[in-house]
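A.B. asks: Handing you this structure, nothing more for now.
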Amino acid sequence: MGNFPEVPVEKLRAHIDPNSLPFNDTSELELPKDPVLGQERAKDAIKFGIGIKADDYHIYIAGPPKAGLTYIAKVYIEEQAKKEPTPPDWCYVNNFKEPDKPKSLRISAGRGKELKKDMRELIETLERKIPQVFESEDYRLKEEELRREFERKKAQIIEQLSEEAKKEGFILQVSQVGMLIVPMGRDGSPITQEELSELPREVKDVLKKKSDELHKKMKEVVKKIREEEAELKKKQDKLKKEIALFVVSQHMEPYFEKYKDEEQVIEYLKSVQEDIVENIDEFMKKQETSQSSPIPIPMLTKESLRRRYDVNVIVDNSETKGAPVVIESNPAYPNLFGTIERQAMLGALFTDFTMIKAGSLHRANGGYLIMKALDLLKWYFSWEALKRALKDKEIKIEDLGELYGLFSTRTIKPEPIPLNVKIVLTGDPLLFELLHIYDDRFPKLFKVKAHMDDSMDRKEESILEFSKMVAKFCREQNIRHVDRTGIARLIEYSMEQTEDQEKISLELGDIKDLLIEANYWAQLDGKDLISGEHVEKAIEKRKYRANLVEEKIKELIEKDIFWVEVDGEKVGQVNGISILMTGDHEFGRPNRITATVSVGREGVIAIEREARLSGRIHTKGVMILSSFIKERFAHNKPLSLTATLCFEQSYGIVEGDSASSAELFALLSALADVPIYQGIAVTGSISQKGEIQPVGGVTKKIEAFYDICKKKGLNGRQGVIIPKKNIKNLMLKKEVIESVKEGKFHIWPIETVEEGIEILTGMKAGKLQPDGTYPEGTLFRKVDDRLKEFARIASEFGKEEEEGGEEDE
């Protein structure tokens, strides 16, 4: 094993020399000019999405969870939004003609509050001034003049009727009850009953005829008097309205002038003026106070009049600079689209336009609304309503129960507000793909995808920008700055997270958390700066808090409960290494992989697949190694083989193809009947042509097997075989590197199956010769001979079965 090439020590980990950094600590660094580190592709997409003003070009920012998608979206979009115009305020006001359909009102940014204040002051002023005007001597004289004119006309009409009655010998009697026409007696007074009875019939008939005629005229007189009364009422109302209009217009004129550039406000003020004049009696009444009733019912209080002319400012952009950028963390339907509140009174629910509340769509109107896609999709009604709003380009405030027919309580229906907003969703790339495939409206609305990278190239300029970003975090979080050793360790940690010596992680949320934890240890240490030791301690403590399961598994392996051998030789058995995840922690776990072979026709069988404990990728890996066996050994004979592969003491789902090379080595060992040294573990996937392909988690896998070998005793022969293409992914801890330096542990990079099996068995693999055989004394020759023997046995057994069948016949 010592003759095989190993990974050079200098390539086992990428080191950052603190002395190469052009600063002593991050307090010396200026803040980065660009608030977003790297992400040129995503920034270009976001800039395009912001710049294009088409309604259906909304943005989906895709990236890993710890990349700080929402933060990056907010920071970058806010920078662009400051350059854009501030959108108007939005209000809801009373619709005097249809009170159940409040009107939306658009007004310049910051003027909504002014209008609300002005309207309240106007109504309070009119509440004082209007009663004063109608109680004035001037109004009283004008009203008395109208009444005197009416009384004069009334008296004239009655006098005329009275004269006609006298000519006909009748008297007109007028009282509070009404008018009465009676015959006149001899003395000029109303005739008595005795005098009437003494009159001849002919005279009575004449009187009756004249009485009927006079009663007809009396009815006409009564009708004429009523017409005069109606005319008086009209003149009184006209007088009231003229005076009211004079008073109201006098007080409203400054507001017409103030808001002359606000078209919708002018229309509203005109409607207010008309409604006040139409309802002038409400202002003339002595308004009741709220103390007069123990129940706070708006209709019984002076406040009800003010509510009628109130302005409900639902969006106030007075403090907004540029376009608004709103982050909605809980996009439930009411939070997104607003709601109509209700007030309980006397066992009933009361509502009006003053109880309309805005949602985040209203606040973001004219700007940008940022949400996590997954948070939005948790609320089905919100997602469907949002797509409908974007399609119709308007925001409707509706009651969910009424909208979906759950109940039909009478409520108001506010006028929709025009929608002009750019939606920015952040989420996983897979979620974008699923929405793109299964939601037909999603690709029509979200046409801009900003794909955030999780890493960037490790260059001098990127290291400096990374350091500036750390300096920015320190200032924002008000924590200690980081010295050059701390920055070096942070960059190395970043490379560990990417599993690439040439990349730096862009999952800045994780870096920020680590800085806060390192600051805690620096504080306990009484230091003014965060050093590499503090960062290292924060990493170790973070791992310690999360690795209980890992330690328990190591303990079970050490006690041989989970059986892993690190010395000796065995046929058909090899150590593979898998990656386990416990949410916030990933670690490697060595596994015994065993293989058995026999004569048969079933081919290679994975026990995990038969037990339904195998994922699709693992199944694919088994099929690939089967193809390799056929390609190398079935070129001159039929493959009469039944082989089984098993992950021993594995009780969960096995997924991935990183163990396919180990499974193949175990199978080759079993076929050749050649033992494998158990102190070597293997990781790597294979191709059908026998190439060893790179896999993930190689650093964690090496360290996991090293820890087991250390606990059971290092003997200088142990190590791990890895794909050669994974060398650049190594970021091993110092302890492992020291053991490699001292020759206590080895890491062999391989490119082919042949290299791997030679390291494991110490036997040459052998190359296929022109005659179709492998050289004597090679492992592949032993495999080939074994498979030939299997084929011969299968052939002879088949002939015996045929002969036995013929004899039976």
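A.B. asks: Report for the chain the percent antiparallel among DSSP-assigned beta bridges with both residues inside it, nearest 5.
C.D. replies: Values: 48 of 80 bridges.
The antiparallel proportion sits near 60 percent.
A.B. asks: Something else now. Ordering F442, F134 by accessible area with a probe of 1.4 Å, largest first, what comes out?
C.D. replies: So the residues, ranked largest to smallest area, are F134, F442.
A.B. asks: If you line up the long axis of helix 201-258 against the longest principal axis of the chain, both from Cα atoms, how many degrees apart are they, to the nearest 10?
C.D. replies: Tilt relative to the chain: about 40 degrees.
A.B. asks: If you don't mind, another one. With every protein chain left in place and a probe of 1.4 Å, what is the accessible surface of T761, to the nearest 10 Å²?
C.D. replies: 30 Å²
A.B. asks: Collect residues whose amide H, placed 1.01 Å from N in the peptide plane, falls under 5 Å from the amide H of G656; neighbours closer than 5 in sequence don't count.
C.D. replies: For G656, the qualifying residues are G615, I617, H618.
A.B. asks: Continuing with this model, one more query. Explain nothing, just the number: relative contact order of the chain, from Cα pairs under 8 Å at least 6 residues apart, as a whole percent.
C.D. replies: 16 percent
A.B. asks: I617 to K459: extension gain in nm, 0.36 nm per residue of separation minus the Cα-Cα distance?
C.D. replies: 53.4 nm
A.B. asks: Compute the accessible area per residue over region 296-377, keeping the other protein chains in place, probe 1.4 Å, unit Å².
C.D. replies: With all protein chains present, region 296-377 gives 40 Å² per residue.
A.B. asks: Using the crude model of +1 on Lys and Arg Cβ and -1 on Asp and Glu Cβ, and no other charge, please compute the dipole size for the chain relative to its Cα centre, in debye to 20. Don't jump to the answer; show the numbers that get you there.
C.D. replies: Working: 128 positive and 145 negative charges, 487 e Å.
That gives the chain a dipole magnitude of about 2340 debye.
A.B. asks: Based on the alpha carbon coordinates of region 687-741, what radius of gyration and maximum Cα-Cα distance (Dmax) apply, in Å?
C.D. replies: 12.5, 37
A.B. asks: How much of the accessible area of region 602-745, in percent, comes from carbon and sulfur atoms when a 1.4 Å probe is used?
C.D. replies: For region 602-745, the apolar C and S fraction of the accessible surface comes to 50 percent.
A.B. asks: From Cα coordinates alone, what are the radius of gyration and Dmax values for region 1-102 in angstrom?
C.D. replies: Values for region 1-102 (Cα only, Rg and Dmax): 25.9, 97 Å.
A.B. asks: Over the alpha-carbon set of region 573-640, divide Rg by the Kirkwood Rh and report the Rg/Rh ratio to two decimals.
C.D. replies: 1.06
A.B. asks: For E738 and S136, compute 0.36 nm times the residue count separating them, minus their Cα-Cα distance, and round to one decimal in nm.
C.D. replies: Working: separation 602, 0.36 × 602 = 216.72 nm, distance 10.47 nm.
Gain on stretching E738 to S136: 206.3 nm.
A.B. asks: As I understand it, the dipole of region 470-559 uses +1 on the Cβ of Lys and Arg and -1 on the Cβ of Asp and Glu, about the Cα centre. Which of G486, L529, L556 lies farthest toward its positive end?
C.D. replies: My answer, from the dipole projection, is L529.
A.B. asks: Could you pull out every residue, at least 5 positions away or on a different chain, whose amide H is within less than 5 Å of the one on S108? Hs are placed 1.01 Å off N in the peptide plane, and Pro or chain starts have none.
C.D. replies: HN-HN under 5 Å from S108: D89.
A.B. asks: List the residues whose amide H sits under 5 Å from the amide H of M184, counting only those 5 or more places along or on another chain, with H placed 1.01 Å from N in the peptide plane.
C.D. replies: Amide H neighbours of M184: F170, I171, I191.
A.B. asks: Still on this structure: ³J(HN,Hα) across region 130-143 via Karplus (A = 6.51, B = -1.76, C = 1.60, θ = phi - 60°), whole Hz, x for Gly/Pro?
C.D. replies: Listing the rounded values in order: 4, x, 4, 5, 7, 9, 6, 5, 4, 5, 4, 5, 5, 5 Hz.
A.B. asks: Something else: With +1 assigned to the C-beta of every Lys and Arg and -1 to the C-beta of every Asp and Glu, and no other charges, what is the dipole magnitude of region 1-130 about the Cα centre in debye, to the nearest 20?
C.D. replies: Result for region 1-130 is approximately 840 debye, rounded to the nearest 20.
A.B. asks: Could you work out the equivalent-ellipsoid semi-axes for region 673-809, taking the square root of 5 times each eigenvalue of the Cα gyration tensor, largest first, in whole Å?
C.D. replies: Semi-axes from the Cα gyration tensor: 42, 16, 15 Å.
A.B. asks: Over every pair of different alpha-carbon atoms in the chain, take the mean of 1/r and invert it; report that Kirkwood radius in Å.
C.D. replies: One decimal place: 36.1 Å for the Kirkwood radius.
A.B. asks: Quick one: what are the phi-derived ³J(HN,Hα) couplings along region 465-478, Karplus 6.51/-1.76/1.60 with θ = phi - 60°, whole Hz, x for glycine and proline?
C.D. replies: Each residue's phi maps through the Karplus curve to give 5, 4, 5, 5, 5, 5, 4, 5, 4, 4, 5, 5, 8, 6 Hz.
A.B. asks: Which aspartates and glutamates, on any chain, are close to K154 with Cα under 13 Å apart, when same-chain ones fewer than 8 places away are left out?
C.D. replies: E220, E227, E228, E229, E231
A.B. asks: Ok, one more. Nearest 500 deg cm²/dmol is fine: what mean residue ellipticity at 222 nm does the chain get from its DSSP H runs of n ≥ 4 alone, each adding -39,500 (n - 2.57), divided by its residue count?
C.D. replies: That calculation yields -15500 deg cm²/dmol at 222 nm.
A.B. asks: Please list R363, R616, R128 in order of solvent-accessible area, largest first, computed with a 1.4 Å probe with all protein chains present.
C.D. replies: The ranking, largest first, comes out as R616, R128, R363.
A.B. asks: Please report the projected area of region 418-474's Cα convex hull averaged over all directions, in nm².
C.D. replies: Values: hull surface 26.9 nm².
One quarter of the hull surface, i.e. the mean projection, equals 6.7 nm².
A.B. asks: How far is helix 508-524 tilted off the main Cα axis of the chain, in degrees rounded to 10, range 0 to 90?
C.D. replies: Computed tilt is about 80 degrees.
A.B. asks: So what J values fall out for region 94-104 if you push phi through Karplus, 6.51 cos²θ - 1.76 cosθ + 1.60 with θ = phi - 60°, rounded to Hz, Gly and Pro as x?
C.D. replies: 5, 9, 5, 7, 10, x, 7, 10, x, 9, 7
A.B. asks: Hey, another quick one. Among the lysines in region 310-446, how many pairs, 8 or more places apart or on different chains, have alpha carbons under 18 Å apart?
C.D. replies: Total qualifying Lys-Lys pairs in region 310-446 comes to 17.
A.B. asks: Describe numerically, in nm with one decimal, the distance between label points set 7 Å from Cα along Cα→Cβ at R128 and at K97.
C.D. replies: Placing both labels 7 Å beyond Cα along the Cβ direction yields 3.5 nm.
A.B. asks: Please determine, in degrees from 0 to 90 and to the nearest 10, the orientation of helix 429-438 with respect to the longest principal axis defined by the Cα atoms of the chain, where the helix direction is its Cα long axis.
C.D. replies: Tilt of helix 429-438: around 60 degrees.
A.B. asks: Ok, one more. Given G772, G719, L668, which one lies farthest toward the positive end of the charge dipole of region 652-787, if we put +1 on the Cβ of every Lys and Arg and -1 on the Cβ of every Asp and Glu?
C.D. replies: Sorting the options by dipole projection puts first G719.
A.B. asks: Oh, and also: Provide Rg over Rh for region 523-581; use the alpha carbon set for both Rg and the Kirkwood Rh (inverse mean inverse pair distance).
C.D. replies: Result: Rg/Rh = 1.22.
A.B. asks: Here's a follow-up. Could you tell me which residue out of P200, L390, A518 lies farthest along the dipole of the chain toward its positive end? Charges go on the beta carbon: Lys and Arg +1, Asp and Glu -1, centred on the Cα centre.
C.D. replies: Of the options given, the answer is P200.
A.B. asks: Taking each pair of different alpha-carbon atoms in region 86-213 once, compute 1/r for the pair, average those values, and report the inverse of that mean as the Kirkwood hydrodynamic radius in Å to one decimal.
C.D. replies: On the way: mean 1/r = 0.0464 Å⁻¹.
Hydrodynamic radius (Kirkwood, Cα pairs) of region 86-213 is 21.5 Å.
A.B. asks: Label points 7 Å out from Cα along the Cβ direction at E274 and E151: separation in nm?
C.D. replies: 3.8 nm
A.B. asks: Per the 1.4 Å probe, what fraction of the accessible area of region 145-268, in percent, lies on carbon and sulfur atoms?
C.D. replies: So the carbon and sulfur contribution to the accessible surface is 51 percent.
A.B. asks: Right, here's the next one. Express in % the proportion of alpha carbon pairs of region 516-631 at distances exceeding 22 Å.
C.D. replies: Working: 3882 of 6670 pairs.
Above the 22 Å cut-off, region 516-631 has 58 percent of its Cα pairs.
A.B. asks: With every protein chain kept in the model, how would you rank R152, R41 by accessible area, 1.4 Å probe, largest at the top?
C.D. replies: Largest accessible area first, the residues go R41, R152.
The values are calculated or read from the model by the stated rules, or taken from the named source; none is laboratory data. Note that the structure is a prediction, hence the values are computed from the model and not measured. Methodologically, a virtual Cβ is constructed for each residue, glycine included, from the backbone with ideal geometry; neighbour enumeration extends over all protein chains shown. Quick note on the areas: whole protein, heavy atoms, side chains included, nothing else; ligands and nucleic acids left out. Shrake-Rupley method; radii C 1.70, N 1.55, O 1.52, S 1.80 Å.
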